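The structure under discussion appears below in the form of structure tokens.
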Amino acid sequence: MSTGPGADSAPAPATHDTTPPTPKQSMFSSLRIRNYRLFFTGQVISNTGTWMQRIAQDWLVLTLTGSSAAVGVTTALQFLPMLLFGLYGGVLVDRLPKRPLLLFTQGAMGLTGLALAVLTLSGQVQVWHVYVTAFVLGLVTVVDNPARQTFVSEMVGPRQLANAVSLNSANFQSARLVGPAVAAVLISAVGSGYAFLINGLSFAAPIAGLLMMRMGELHKAPRAPRGKGQLREGLKYVAGRPDLIWPIVLVGFIGTFGFNFPIWLSAFADKVFDGGPGMYGTLNTLMAAGSLAGALLAARRGAGRLRLLVAAAAGFGILELVAAFAPSVWIFAVLMVLTGMFGLTVNVTANSYVQMATEPQMRGRVMALFMMVFTGGTPLGAPLLGWITDAYGARTGFAVGGAISLLAAVGVGLVLARVGGLKVKVDLRRGRKHIRFVPDEKRLTAAA
């Protein structure tokens, strides 16, 4: 039997959003904490390098092969280790001290960037080199992702956790504003190699930040002792919590089928709108602008809510469907801003909700499952959506991803409503909410 909230009694109805309200806070309140400030600064620099490498990597593969499916394979290989080993990464994170773990993973990620830079700048790079580098980076990410996610709570404590999770996303999206633009200039001027080089060197910043932290100011979480059955224990814990498992299922569908933007944006830039690497970088930058706005709004909201998660996921799917058939690059660009905002809202809301609803000693395993489902589905979705994009065109590929995301949002929303004893009420009268969830009195009476 799992322990903690919901273990000895039925879980609180998920769709009633019974999460206790967090104290009112400013948008940047977590940055008052020195350790988190050091972490945040280092991540801004390394995230900028990471986005430069992502753009350069996708464009290099497209240049070497001329295939959107090959871009999908690269993306798939980078996330395949998370699908295969993600849960084991969570077990390690729950057992080991997170700061030394992050020093190792951040250094290893820097070395992968430097290796790809040497191959590219020497003129020896081949597409299989990119595949291998992407896979190795994915292996490191298996531990790095849950370690970074859970280390946030040790730096800021529970009261600031939701704010810090949102600021982490704002950090990542701020870097996404700069990274693609710089990468596009570098690719056009001197090639992809220098983007890889800058990314490799950028990891010196987070390593320095980790080394400068004051250990006495960390809110150290209890570590799980070594023992058998810890992986199974984590899965059982989530399986017994409908308020955790269904948000994870939803982000799994969104991550697998809705977040294949390297495939779609490179195809739209190259084949639909006849642009080049500059347009690809610009489209990524516009998505980042929307994502940054979504992250900052989330930072003000505080704790995530399941109703917001489902609504944002539905809006995300609708926007992808509309963007797939945008008649001009300008309309497509505006829709990418909105898509970025809604996609980031899905990610941040689910992330903060799951972290805050999970006990600290289980958080590494639960967040590893979260990341495994969210990014580990990419090895399945990316090649499939890449093939559809190659065979039937960029518009069809994008529309398929949006349709699946929308159906997943509707399906999970209805399941959560049923779990929470709610039903859908449609009211078409003027001035009323046309669709809303209300208590299902018959069902609640029967359950009692």
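Between residues in the range 36-60 that are closer than 11 Å to PRO180 by Cβ and residues that are aromatic (Phe, Trp, Tyr) and in a helix (DSSP H, G or I), which pairs lie under 7 Å by C-beta distance while being six or more apart or on different chains?
If the second residue must be aromatic (Phe, Trp, Tyr) and in a helix (DSSP H, G or I), the pairs left are GLN53/PHE196; ILE55/TYR280; ALA56/PHE196; TRP59/TYR280.
Within the range 181-193, does at least one residue satisfy the condition of being closer than 22 Å to ALA117 by Cβ, of a type in the set (S, T, N, Q) and either without any contact (Cβ under 8 Å) to a residue 12 or more places away in the chain or not in a helix (DSSP H, G or I) (or both)?
yes
Only residues that are of a type in the set (Phe, Trp, Tyr), in contact (Cβ under 8 Å) with a residue 40 or more places away in the chain and farther than 17 Å from MET371 by Cα: list them for the range 110-166, please.
TYR131
Filter the range 88-100 for residues that are crowded, with 21+ Cβ neighbours inside 10 Å, under 27 Å from THR256 (Cβ atoms), out of contact with any Lys or Arg (no Cβ under 7 Å at 6 or more places or on another chain) and not small (Gly, Ala, Ser) and give the result.
Residue satisfying the conditions is VAL93 alone.
Is at least one residue of the range 378-399 under 19 Å from ASN168 (Cβ atoms) and of a type outside the set (S, T, N, Q)?
The answer is no; no qualifying residue exists.
Return the residues of the range 154-181 that are closer than 20 Å to GLY90 by Cα and buried (at least 23 other Cβ atoms within 10 Å of the Cβ); say none if nothing qualifies.
MET155, VAL165, ASN168 - these are the residues of the range 154-181 that are closer than 20 Å to GLY90 by Cα and buried (at least 23 other Cβ atoms within 10 Å of the Cβ).
Considering only residues that are outside any helix (DSSP H, G or I) and aliphatic (A, V, I, L, M), look in the range 314-372 and name the one that is farthest from the chain's Cα centre (by Cα).
My answer is ALA326.
Okay, residues lined up against (1) surrounded by 20 or more Cβ atoms within 10 Å (Cβ to Cβ); (2) at positive phi; (3) modelled with pLDDT under 80:
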{"residue": "ALA269", "(1), (2), (3)": "yes, no, no"}
{"residue": "LEU286", "(1), (2), (3)": "yes, no, no"}
{"residue": "ALA298", "(1), (2), (3)": "yes, no, yes"}
{"residue": "GLY302", "(1), (2), (3)": "yes, yes, yes"}
{"residue": "LEU319", "(1), (2), (3)": "yes, no, no"}
{"residue": "PHE325", "(1), (2), (3)": "no, no, no"}
{"residue": "VAL329", "(1), (2), (3)": "no, no, no"}
{"residue": "VAL354", "(1), (2), (3)": "yes, no, no"}
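Go through the range 238-294 and give me each residue that's within 21 Å of the chain's Cα centre (by Cα) and outside any helix (DSSP H, G or I).
Once the filter is applied, which keeps residues that are within 21 Å of the chain's Cα centre (by Cα) and outside any helix (DSSP H, G or I), the range 238-294 yields PHE259, ASN260.
Would you mind finding the one in THR378, THR345, THR358, THR396 that is at pLDDT 90 or above and of a type in the set (Ser, Thr, Tyr)?
THR396
The values are calculated or read from the model by the stated rules, or taken from the named source; none is laboratory data. No experiment lies behind these values; they were computed from the predicted model shown. Glycine also receives a Cβ, built like all others from the backbone with ideal geometry; neighbour counts cover every protein chain displayed.
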